[in-house]
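Every number here is computed from the coordinates shown, using simple stated rules; none is lab data. Since the structure is predicted, the reported quantities are computational estimates derived from the model, not experimental observations.
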Amino acid sequence: MAPAEFTPSETENSNLPRRTMGFRDLVLFYIVTGISLRWIATAATVGASAVVIWLIAWTAFYLPLALSVMELSSRYPQEGGLYVWSKRAFGEFTGFITGWTYWASNLPYYPAILYFTASNALYIGPARWQSLSNNRAYFLLFALFGLALATSLNLIGLSVGKWLHNLGGIGTWLPIAILFAIAGIAFHRFGSATSFTPTTMVPHMRFHDVLFMATIVFALGGSESASFLGDEIHDARKNLPRGLLAGGAFVTTGYILGTVAVLVALPANEVSGLQGIMQAISKSVERIGLSGAGAIGIVSFAALLITLSNLGAMGAWLAVSARLPFVAGLDRYLPPAFARIHPKWGTPYVALLVQAACGVLFIFLGQAGTSVYGAYEVLVSMGIISYFIPYLFVFASLIRLQREPPGPDVMRIPGGSRAAKIIGVLGFTATLITIAFSVLPAEDDPHKILAVVKIIGLTILLLAVGVFVFVGGKSQAAKRI
């Protein structure tokens, strides 16, 4: 099969957004989209073996993904990222389905991260703020405000919106540094609260550990994020791979050091994955004997940083996801309005506003009554497999596109085409295994078979809707010609 020709979304276009992101912005962007602080506390609940599980997941999934994105974004730095790569490798339909599943799997992310942010923001103020922890109106208003803020900044452009992402990147690493400092004090005074020995660090691969492995792989996704913004990056062919390598180092060490810090300060049975990293920081401060204004100050400052981190992540992922309907509009799979650029700000404002509208819908689904909340949980289940499907196409595209000779400025995977194919096979296999783990129901699920049927059935439904949209878009595009 001959390589697909570039379409308007894959070429330089004077109507595309302005180039506003440099190397520093990219590093912080990769940090804010690559680290989700809630997974640090979740990992710590497993105990010392979480460190080894992080390393296994990093070797089998994150490193192959980062290397694949490094080469593919250097080969094809155009706006659209994995949408462009899979389209070039396998054709229009595959490219659209890759972008569709990636976009749809992000929809439940918006209420999830905004509710998580709202709960952590309560630690900024005095203890009486915790009375809002079950206040639905507070969570709804906070989520709507957060979404409106992120959307407004992205509408004005990445020249402004990137500062929220950059603050988020800084706010992501500083809480980890605070945790590490607290852990150092706790270790000096009491020793480690968790025993790190060869016996305790070896994963037992019980059912719980298998499911946890899928969670860790989920946490390590995101190294493809900035590639969607290729036409808005200064010297994208050079800076995208360099930014990814630097940002990836912060992501990897952040997760592992954060998990170790929590386990040094607290035993695993005192860590709650549900309450997140703020609970870990608060209890760690108590353990080292801090109290009064000093303890309140540390907890409040960490809460403020985590709030900024998650708002930055929200803004970054909103910008990333909106580029998919934008390039699909350029390629005429969606109505031409999606390809419109704001005349003053140079941003894909229609795609951003539609993305925000979908976010509002999911926020209200998350705040609705029991029956609708059940529907929301079903929609989240729909996204489990669809989140990983695009990664299958990233690794497959890496393998297939080795047939195209790289340009002289392309940053390739060390070892050339042979190494790239091995990396692609490793990443593809790890992703398939993760999908299989993700389908497995929880041990305490009373309807295990129904749970599996629901997840697989809804994934098929999601793909079917994508096929319908693609066929309909192609048909309408043909009529306009």
**Prompt:** When you take every Cα atom in region 91-239, what is the radius of gyration, and what is Dmax, the widest Cα pair distance, in Å?
**Reply:** 20.5, 61
**Item:** Whole-Hz ³J(HN,Hα) from phi, Karplus 6.51 cos²θ - 1.76 cosθ + 1.60, for region 124-130, glycine and proline x
**Value:** 5, x, x, 4, 5, 5, 5
**Fill in**
Where a ≥ b ≥ c are root eigenvalues of the Cα gyration tensor, a/c under 1.5 meaning rounded, otherwise prolate if a/b exceeds b/c and oblate otherwise, region 216-351 counts as prolate
**Asked** Hey, what number do you get for the chain at 222 nm if only DSSP H runs of n ≥ 4 count, each worth -39500 (n - 2.57), divided across all residues, to the nearest 500?
**Response** -24000 deg cm²/dmol
**23 Å Cα-Cα reach of K344 towards lysines, excluding residues that sit fewer than 8 places from it in its own chain** = K162
**Complete:** Among the DSSP H helices of the chain, those whose Cα atoms extend at least 20 Å along the helix axis and whose mean Kyte-Doolittle hydropathy is 1.6 or higher are 136-156, 349-367
